[in-house]
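Notes for the one structure printed next.
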Amino acid sequence: MYALFLLPLLYIIIFKYVPMYGAQIAFKEFNVTKGINGSPWVGFAQFERFFQSHEFWRLLKNTFSISLYTLIASFPFPIMLALGLNYVRNRRFKNTVQMVTYAPYFISLVVLVGLILQFMDPRTGLINTMLGWIGIGPFHFMAEASWFQSIYVWSHIWQNVGFSCIIFLATLSGIDPALHEAAVMDGATKMQRMRHIDLPGIMPIAMILLILNTGQMLETGFEKILLMQNALNLRSSEVIDTYVYKVGLVSQAMNFSYATAIGLFKAIIGFVLLLIVNQTAKKLKQESLW
């Protein structure tokens, strides 16, 4: 039993806890030649610099708005899809829908963003062509800062809704069929069975996923945002993750301490959100992490 526990424990220690040693440079003025231990301590100076930066509120607003938009818009769709598929009796139709909805998950982000850019192209894009048929447009969607977050969120839903519904389908398959048989004999409709049997059955899993998703709410998908970003939509597309990447690795004056401090600040906010949602779930007598 302990041997089975050993490998996951070693993985967590080596790849999750050991790297935390480097987080101390957030409180130092890191110098590559002096190393982590030789660099001088500066306390919370890197954090104060970030809080006083003119970028602070814009980054925080963009990160929270994209995260909340994604969480609120994407959470119900896998549940709705799973409930719908659970009542489909035509096997071929069900398999087709599952294949069509699962497939986008396996498209690489680079290809996905390439497709988005092609579809949104103001001259040859499919969306502008279709809008042109009814006399609207063309629009340069990727050049409008106000469009960026919606394009990001709904393309995320399109890519992930099928794969995310698998866990709800698995949960629905574990509900006792006798409950449905009894409901049918009592004359319950499909909507009534969804409301009184299926939704309560998947609610514990839904709550756990909601808590976990809230804990990762500020993980906005760095690669996708960076690929979709351009100078014209930067006002609404610059988030903490992309800013850390630019400050820490792209800038000519790379500042590892400053980038680490910003990343640490984001991690602490995510942990606090996780605690709040977990405590709220406990007070509402729902499933919680601890």
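The values are calculated or read from the model by the stated rules, or taken from the named source; none is laboratory data. Just so we're clear, the structure is a prediction, and the values are computed from it rather than from any experiment. Using ideal geometry, Cβ is built from the backbone for each residue, glycine included, and neighbour counts are taken over all protein chains shown. Accessible surface areas use protein heavy atoms only, side chains included; no ligands, DNA or RNA. Shrake-Rupley method; radii C 1.70, N 1.55, O 1.52, S 1.80 Å.
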Net charge near LEU59, counting Lys/Arg +1 and Asp/Glu -1 over other residues with Cβ under 12 Å of its Cβ? +2
Other-chain or far-sequence residues with amide H under 5 Å of LYS28's (modelled H): VAL42
Using a 10 Å cut-off on Cβ atoms, rank the peptides 91-99, 258-266, 163-171 from the highest mean neighbour count down. 258-266, 163-171, 91-99
A correct Stokes-Einstein calculation for the range 59-120, using the alpha-carbon Kirkwood radius, 20 °C and 1.002 mPa s, returns a whole-number D in µm² s⁻¹ of 150
Suppose R0 equals 35 Å. What FRET efficiency, 1/(1 + (r/R0)^6) with r the Cβ-Cβ distance, do LYS282 and GLN52 give to the nearest 0.05? 0.40
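Packing-wise, with mean Cβ within 10 Å as the measure, how do 174-186, 4-16, 139-151 rank, highest first?
Answer by packing, highest mean first, reads 139-151, 174-186, 4-16.
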Label point distance in nm, ALA45-VAL88, each placed 7 Å from Cα along Cα→Cβ: 6.1
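Counting only other residues whose beta carbon sits under 15 Å from that of ASP241, what net charge do I get with K and R as +1, D and E as -1? The partial results should precede the final answer.
Values: positive: ARG58, LYS61, LYS224, LYS246, LYS266; negative: GLU55, GLU219, GLU223, GLU238.
Charge balance in the 15 Å sphere: +1.
In the chain, which whole DSSP H runs stretch at least 18 Å along their own axis (Cα) and average -1.0 or higher on the Kyte-Doolittle scale? Please report the intermediate quantities before stating the final value.
Numbers: long enough: 56-74 (27 Å, 0.72); 145-173 (43 Å, 0.89); 199-215 (23 Å, 1.80); 256-283 (40 Å, 1.22).
Span-like helices, by this rule, are 56-74, 145-173, 199-215, 256-283.
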Mind checking which aspartates and glutamates have their Cα closer than 17 Å to the Cα of LYS16? Skip sequence neighbours fewer than 8 apart in that chain. GLU219
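Report, to the nearest whole %, how much of the accessible area of the range 123-200 belongs to carbon and sulfur atoms, 1.4 Å probe, protein only.
Details: 3160 of 4820 Å².
Heavy-atom surface of the range 123-200 belonging to carbon and sulfur, 1.4 Å probe: 65 percent.
What do you get for Rg/Rh of the chain when both radii come from the Cα atoms and Rh is the Kirkwood radius? Working shown, then result.
Values: Rg = 23.4 Å, Rh = 22.6 Å.
Taking Rh as the inverse mean 1/r over Cα pairs, Rg/Rh reads 1.04.
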Express the accessible area of the chain per residue in Å², computed with a 1.4 Å probe while the remaining protein chains stay in the model. 61
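Average the reciprocal distances over every distinct pair of alpha-carbons in the range 25-169, invert the result, and give the Kirkwood radius in Å. Walk me through the numbers on the way to the answer.
On the way: mean 1/r = 0.0517 Å⁻¹.
Kirkwood hydrodynamic radius for the range 25-169: 19.3 Å.
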I'd like the carbon and sulfur percentage of the solvent accessible area for the range 4-43, probe radius 1.4 Å, heavy atoms only, ligands and nucleic acids excluded. 76
D for the range 149-249, whole µm²/s, Stokes-Einstein with Kirkwood Rh over alpha-carbon pairs at 4 °C and 1.567 mPa s: what number? 77
